[in-house]
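Heads up, the thing below is written out as structure tokens.
Read the figures in this text as sums done on the coordinates, not as results from a lab. Predicted, not measured: the structure shown is a model, and the values here were computed from it. Note: ideal-geometry Cβ built from the backbone for every residue, glycine included; neighbour counts use all protein chains shown.
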Amino acid sequence: MNRKDTLYLTADLDGIHEAAKLLRAGELVAFPTETVYGLGGDARNDDAVAQIYAAKGRPSFNPLIAHVASPEAARRHVHWNDAAERLAQAFWPGPLTLVMPLKPDHGISSLVTAGLDTLAVRMPAHPAAQQLLRSFDGPVAAPSANPSGRISPTTAQHVREGLNGRIAAILDDGICNVGLESTILGLAGDPTLLRPGGLAREEIEAALNQELHVHQQGEALSAPGQLLSHYAPDSAVRLNVSTPQGDEILLGFGDMDCDLNLSVAGDVNEAAAHLFSALHLLDKTGRPIAVAPIPMHGLGAAINDRLSRAAAPRDQ
Ligand code: TXA
Ligand code: MG
């Protein structure tokens, strides 16, 4: 693809307006959200969305999340329901993506949905993301701003390392404080957890007052981007390790001896916020990575999901 001079924009008024202008022109802009940096393009513009796939080197069967400024904006594109209303009231803006049936005149590029009859919608909480969405005034398709199959970016520097020269601009506003992608919930039928993420399943179940159906690996169509080998560092990754072997570098959790600690206090939220930065950092050492056990409660489920993908046998 054509080499671009990637602009670096700070997230002040001028930077936000410049970023919105680029989106309107069909260009790609990486922007911060509370989960990870997203690679944004106009969700109604086929050319812009095609560029997202090209810049990431992403398999084209993988649908994207449409980011919106408000629940009203989401309702322009999808059939809303009571569960969505309740969840939006409780958790939007925030790290929760809802997959819902498309309306007939939805206006969204079929490259965003990859031809499905549902659309993933999310209202991000990060102030810069909200300002950008309001200024752009339309749906922004945005996968995580990393080359396909690589670790997701939680800083503008991570984005630069992966996508410099391939996109029009990076809007820099520091570190993403949740640090894990959004939780994806299917609401086309019974509420179904399609991807664990930055909002704990327990919180969603409490808000809906019901247990979620959990999508099983191999079950037909869930979040189709959930390839087993994903979020992969270059180095080998071994999980649930208490004693590292050979040259392994140990990523710890809780009060223990290790090379780098996700959370000395043993707090899963803090560990989630540090996970991808830690993997980026350890990967640069070139040593095999060993990871201490992480509990499964709260965001621990999503951390273990991402780690098991990082450790899975590589398929490419
Ligand atoms: O936190 C996040 O969700 C970040 C930030 C940038 O918002 N975005 C993100 O996007 O993680 P991405 O493209 O890396 O992951 C989107 C996931 C994929 O696994 C995709 O298969 C799933 O959403 N998805 C999108 N549309 C879907 C649909 N209609 N049905 C089921 N899954 C869908
Ligand atoms: Mg991703």
Per-residue HN-Hα couplings for the range 115-125, Karplus 6.51 cos²θ - 1.76 cosθ + 1.60 at θ = phi - 60°, whole Hz, x for Gly and Pro? x, 6, 9, 10, 9, 8, 10, 8, 10, x, 8
Along the range 260-268, Karplus-curve 3J(HN,Hα) (6.51, -1.76, 1.60; θ = phi - 60°) to the nearest Hz, with x for Gly and Pro, reads 8, 10, 5, 6, 4, 6, x, 9, 5
Long-range amide H partners of L7, meaning residues 5 or more apart or on another chain whose placed amide H is closer than 5 Å, are A169, I170
Please report the antiparallel percentage of the DSSP beta bridges confined to the chain, to the nearest 5. 40 percent
List the lysines whose Cα sits under 28 Å from the Cα of K284, skipping any in the same chain fewer than 8 residues away. K4, K56
Antiparallel DSSP beta bridges within the range 1-132, as percent of all bridges there, nearest 5: 75 percent
Between I52, I170, I294, find the one with the highest GNM mean-square fluctuation for the chain; connect C-alpha pairs within less than 10 Å. I294
Report relative contact order for the range 27-123 in percent, whole number only (criteria: Cα-Cα under 8 Å, sequence separation at least 6). 33 percent
0 to 90° range, to nearest 10: angle between helix 300-311 axis and the chain longest Cα axis: 80 degrees
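Where in the range 11-67 are there chymotrypsin sites (Phe, Trp or Tyr not before Pro) that are in a DSSP coil and have at most 14 other Cβ atoms within 10 angstrom of their Cβ? Please report the intermediate quantities before stating the final value.
On the way: sites: Y37, Y53, F61; in loops: Y37, F61.
Taking the range 11-67 and a limit of 14 other Cβ atoms within 10 Å, the loop chymotrypsin sites (Phe, Trp or Tyr not before Pro) found are F61.
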If you fit an axis through the alpha-carbon atoms of helix 46-56 and take the longest principal axis of the Cα set of the chain, what angle between them do you get, 0 to 90°, nearest 10? 10 degrees
3J(HN,Hα) from dihedral phi, the range 15-23, Karplus parametrisation 6.51/-1.76/1.60, rounded to Hz, x for glycine, proline: x, 5, 5, 4, 4, 5, 5, 4, 4
Within the chain, what's the longest run with no trypsin sites (Lys or Arg not before Pro) in a DSSP loop and at most 13 other beta-carbon atoms within 10 Å? Give the range, please. 4-283
Checking the cross-link filter: which lysines have an alpha carbon closer than 16 Å to that of K103, excluding same-chain neighbours under 8 positions apart? none
Principal-axis tilt of helix 82-91 within the chain, Cα atoms, nearest 10 degrees: 60 degrees
Cα-based reach from K21 at 20 Å (exclusive), listing aspartates and glutamates while leaving out same-chain residues under 8 positions away: D5, D12, D42, D46, D47, D137, D172, D173
Of P139, P295, P147, which is the most mobile in a GNM of the chain whose springs link Cα atoms less than 10 angstrom apart? P295
Shape of the chain, Cα gyration tensor, a/c cut at 1.5: oblate
With runs of 4+ DSSP H residues as the only contributors, calculate the mean residue ellipticity of the chain at 222 nm using -39,500 (n - 2.57) per run, divided by the residue total and rounded to the nearest 500. -9000 deg cm²/dmol
Given the options A19, A90, A128, state which has the largest fluctuation in a GNM of the chain using a 10 Å cut-off (strictly under) for Cα springs. A90
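Which GluC sites (Glu not before Pro) in the range 1-76 pass both tests, a DSSP loop state and at most 11 other beta-carbon atoms within 10 Å?
On the way: sites: E18, E27, E34, E72; in loops: E27, E34.
When the GluC sites (Glu not before Pro) of the range 1-76 are filtered for loop state and at most 11 Cβ neighbours within 10 Å, nothing remains.
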